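The values are calculated or read from the model by the stated rules, or taken from the named source; none is laboratory data. No experiment lies behind these values; they were computed from the predicted model shown. A quick note on method: Cβ atoms are made from the backbone with ideal geometry, for glycine too, and the neighbour counts reach across all protein chains shown. The accessibility values were calculated without ligands, DNA or RNA, using every heavy atom of the protein model including side chains. Shrake-Rupley method; radii C 1.70, N 1.55, O 1.52, S 1.80 Å.
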Amino acid sequence: MQLVVARIGRAHGIKGEVTVEVRTDEPELRLAPGSVLLTEPASTGPLTIETGRVHSGRLLLRFEGVKDRNGAEALRNTLLIAEVDPAELPEEPDEYYDHQLIDLDVVLEDGTEIGRISEISHLPSQDLFIVERPDGSEVMIPFVEEIVAEIDLEEQRCVITPPPGLIDDRAEIVSSRDNGEEA
């Protein structure tokens, strides 16, 4: 099975290094020197990591055969993909790979069906479950502890406790004017 582990950013310096946007919780394993990664577009790779270092909070990688800024810049926006055994699980018990979460049934604590996870969107601030509802519409559920109460891989379900308005139109509007106070 293939997992996207990073996206190559801009060139750094003149010796072929690139910045990378890490998309894995295990960069020390997936992006280590010697790792061979597939790419999207496929014509760019495979790429073998020659060196890696952190500079000003950013991971910098150099790939075998890429020795200058022009070669590094040509890799910009390339996705790096690791081949992973489907039976492999993340090190932490509360971490999940995308393939484990796709197609889970999403339900409320009382068992009310919301839909099925069709996609996971990885944003800089948090991850979002894209949930396809039975009527074909979609709802986005933030993958945060306050909303996602339980992930049960054996039962293939995700239990959520959404705030009012997240999955329906019944948002609670609170205003200081309701109390007769002047704002």
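Mind checking which residues of region 103-117 are within 26 Å of V4 (Cα to Cα) and loosely packed, with under 15 Cβ neighbours inside 10 Å? Don't jump to the end; show me each part of the working.
Pass one, region 103-117, residues within 26 Å of V4 (Cα to Cα): 103-106, 115-117.
If the condition is that a residue be within 26 Å of V4 (Cα to Cα) and loosely packed, with under 15 Cβ neighbours inside 10 Å, then D103 is the only one that fits.
Summed over region 10-33, the residues that are of a type in the set (G, A, S) and either surrounded by fewer than 13 Cβ atoms within 10 Å (Cβ to Cβ) or touching a Pro at 6+ places or on another chain (Cβ under 8 Å) (or both) give a count of 1. The set of residues in region 118-147 that are open to solvent by 60 Å² or more (accessible area, probe 1.4 Å), touching a strand residue (DSSP E or B) at 6+ places or on another chain (Cβ under 8 Å) and aliphatic (A, V, I, L, M) contains only M140.
Of all residues in region 34-51, which are polar (S, T, N, Q), surrounded by fewer than 16 Cβ atoms within 10 Å (Cβ to Cβ) and modelled with pLDDT of 90 or more?
Within region 34-51, the subset polar (S, T, N, Q) is 35, 39, 43-44, 48, 51.
If we keep only those that are surrounded by fewer than 16 Cβ atoms within 10 Å (Cβ to Cβ) too, we end up with 43, 48, 51.
Those that are polar (S, T, N, Q), surrounded by fewer than 16 Cβ atoms within 10 Å (Cβ to Cβ) and modelled with pLDDT of 90 or more: T48, T51.
Given the condition of a type outside the set (F, W, Y), touching a Lys or Arg at 6+ places or on another chain (Cβ under 7 Å), closer than 30 Å to L38 by Cα and at pLDDT 90 or above, answer yes or no: does some residue in region 99-111 qualify?
Filtering region 99-111 down to residues of a type outside the set (F, W, Y) leaves 99-111.
Filter once more, keeping what is touching a Lys or Arg at 6+ places or on another chain (Cβ under 7 Å): 103-107.
In the following step, the residues that additionally are closer than 30 Å to L38 by Cα were identified as 103-104.
Still in the list and also at pLDDT 90 or above: 103-104.
Checked region 99-111: at least one residue is of a type outside the set (F, W, Y), touching a Lys or Arg at 6+ places or on another chain (Cβ under 7 Å), closer than 30 Å to L38 by Cα and at pLDDT 90 or above.
Apart from one condition, I151 fits all of (1) surrounded by 15 or more Cβ atoms within 10 Å (Cβ to Cβ); (2) at pLDDT 85 or above; (3) closer than 20 Å to L29 by Cβ; the exception is (3).
Here L75, L61 are screened, and the one residue that is modelled with pLDDT of 90 or more, open to solvent by less than 20 Å² (accessible area, probe 1.4 Å), more than 18 Å from D98 (Cα to Cα) and in contact with a Phe, Trp or Tyr (Cβ under 8 Å, 6 or more places away or on another chain) is L75. Scanning region 12-33 for residues that are under 10 Å from L80 (Cα atoms) and modelled with pLDDT of 90 or more turns up just one, V20. Does region 93-100 contain at least one residue that is among the hydroxyl-bearing types (S, T, Y) and either within 28 Å of D152 (Cβ to Cβ) or open to solvent by 80 Å² or more (accessible area, probe 1.4 Å) (or both)? Taking every residue of region 93-100 in turn, at least one turns out to be among the hydroxyl-bearing types (S, T, Y) and either within 28 Å of D152 (Cβ to Cβ) or open to solvent by 80 Å² or more (accessible area, probe 1.4 Å) (or both).
R7 meets the stated requirement of being open to solvent by less than 80 Å² (accessible area, probe 1.4 Å), assigned to a strand (DSSP E or B) and among the basic types (K, R).
Scoring V66 on the criteria (1) over 15 Å from the mean Cα position of the chain (by Cα); (2) surrounded by 14 or more Cβ atoms within 10 Å (Cβ to Cβ); (3) closer than 30 Å to G165 by Cα leaves a single failure, condition (3).
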